[in-house]
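A short write-up of the structure that comes next.
The values are calculated or read from the model by the stated rules, or taken from the named source; none is laboratory data. Computed from a predicted structure; not experimentally measured. Cβ coordinates were reconstructed from backbone atoms using ideal geometry, including for glycine residues, and neighbour counts include every protein chain displayed. Protein only, heavy atoms only, side chains kept; ligands, DNA and RNA dropped before computing areas. Shrake-Rupley method; radii C 1.70, N 1.55, O 1.52, S 1.80 Å.
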Amino acid sequence: MLLTLVERLARFMAILGGLVLTVLIALTCVSVLGRGLNTLGHSDFLKSISESAANALISTGVGPVSGDFELLEAGISFTIFAFLPICQLRRGHATVDIFATGFPRWLNRFLETFWEVLLSALIIVITWRLFIGMEDKMRYNETTFLLQFPIWWAYALSFSAALIASVVAVYCAAARLLELFTGRRYTPEAEGGVH
């Protein structure tokens, strides 16, 4: 029952992160296309072919999306934390197991549990620091340079996703500890069926 709830939460965050990432990709494409068309309109090449076409292109106001970098920074930080819960739950993190293949199974299970607990603690520390950073940005009323939106909004988005990642991480650490001591499974299979 708890695993189902945690898995649904992790999947929801992954879908939300995917939607935000899709919007950010579209925004980047539109901005790059606008920047390219603006450069073309101001180029000597287009002016030599047709001065009126160059002026018409420039007069449309085509150009990069204002504040695209600011939106990209805020959105990417959110998506990283939005994908973290499903990655944590499915053990999708990169691992190096050159020596582990020669270890006994009990030692590998212990090491997997140890690293799960350590990574969960790290995610909690990052979440805590995001909260502290968000409070600081709120206190000093910092805004972005171009769009002038409060920087704490980006911190709040990342913090909310990191908070969910922390919940999933705590579940994963507790489940791995239970698995170590009981031998029963409380987490889904790892991605790719390894382990």
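Quick check on the range 146-155: of everything there that is out of contact with any strand residue (DSSP E or B) (no Cβ under 7 Å at 6 or more places or on another chain) and surrounded by 17 or more Cβ atoms within 10 Å (Cβ to Cβ), which residue is nearest to Val65 (Cα to Cα)?
If we filter the range 146-155 for residues that are out of contact with any strand residue (DSSP E or B) (no Cβ under 7 Å at 6 or more places or on another chain), which is where we start, we get 146-148, 152-155.
After this cut, where a residue has to be surrounded by 17 or more Cβ atoms within 10 Å (Cβ to Cβ) as well, the list is 152, 154-155.
Details: Trp152: 22, Ala154: 19, Tyr155: 22 Å.
Applying the filter and picking the extreme gives Ala154.
Taking Leu118 as the residue in question, decide whether it is open to solvent by 40 Å² or more (accessible area, probe 1.4 Å), under 27 Å from Glu7 (Cβ atoms), part of a helix (DSSP H, G or I) and modelled with pLDDT of 95 or more. Steps first, please.
Values: open to solvent by 40 Å² or more (accessible area, probe 1.4 Å): yes; under 27 Å from Glu7 (Cβ atoms): yes; part of a helix (DSSP H, G or I): yes; modelled with pLDDT of 95 or more: yes.
Yes.
Can you tell me which residues in the range 134-145 are open to solvent by less than 50 Å² (accessible area, probe 1.4 Å) and touching a residue at least 60 places away in the same chain (Cβ under 8 Å)? Before you say what the answer is, go through the steps one by one.
First, pick out the residues of the range 134-145 that are open to solvent by less than 50 Å² (accessible area, probe 1.4 Å): 134, 137, 144.
Selection gives Thr144 alone.
Restricting attention to the range 7-17, does a residue exist that is in contact with a Gly (Cβ under 6 Å, 6 or more places away or on another chain) and part of a helix (DSSP H, G or I)? Break it down into steps so the answer makes sense when it comes.
Step one: filter the range 7-17 for residues in contact with a Gly (Cβ under 6 Å, 6 or more places away or on another chain), giving none.
Checking the range 7-17: not a single residue is in contact with a Gly (Cβ under 6 Å, 6 or more places away or on another chain) and part of a helix (DSSP H, G or I).
For the range 82-97: of the residues being touching a Leu at 6+ places or on another chain (Cβ under 8 Å) and buried (at least 16 other Cβ atoms within 10 Å of the Cβ), which is nearest to Leu5 (Cα to Cα)? Can you show your working first?
So in the range 82-97, the residues touching a Leu at 6+ places or on another chain (Cβ under 8 Å) come out as 82, 85, 88, 93.
Retained after the next criterion (residues that are buried (at least 16 other Cβ atoms within 10 Å of the Cβ)): 82, 85, 88.
Details: Ala82: 16, Pro85: 12, Gln88: 15 Å.
The selected residue is Pro85.
Before we move on, is Phe131 open to solvent by 70 Å² or more (accessible area, probe 1.4 Å), among the hydrophobic types (A, V, I, L, M, F, W, C) and either assigned to a loop (DSSP other than H, G, I, E, B) or modelled with pLDDT under 95 (or both)?
Details: open to solvent by 70 Å² or more (accessible area, probe 1.4 Å): yes; among the hydrophobic types (A, V, I, L, M, F, W, C): yes; either assigned to a loop (DSSP other than H, G, I, E, B) or modelled with pLDDT under 95 (or both): no.
No: the conditions fail for Phe131.
What number of residues within the range 138-162 are part of a helix (DSSP H, G or I), over 13 Å from the mean Cα position of the chain (by Cα) and not β-branched (Val, Ile, Thr)?
Within the range 138-162, the first condition is being part of a helix (DSSP H, G or I), and the residues that meet it are 138-140, 151-162.
Next cut, over 13 Å from the mean Cα position of the chain (by Cα) only: 138-140, 151-153, 156.
If we keep only those that are not β-branched (Val, Ile, Thr) as well, we get 138-140, 152-153, 156.
Total meeting the criteria: 6.
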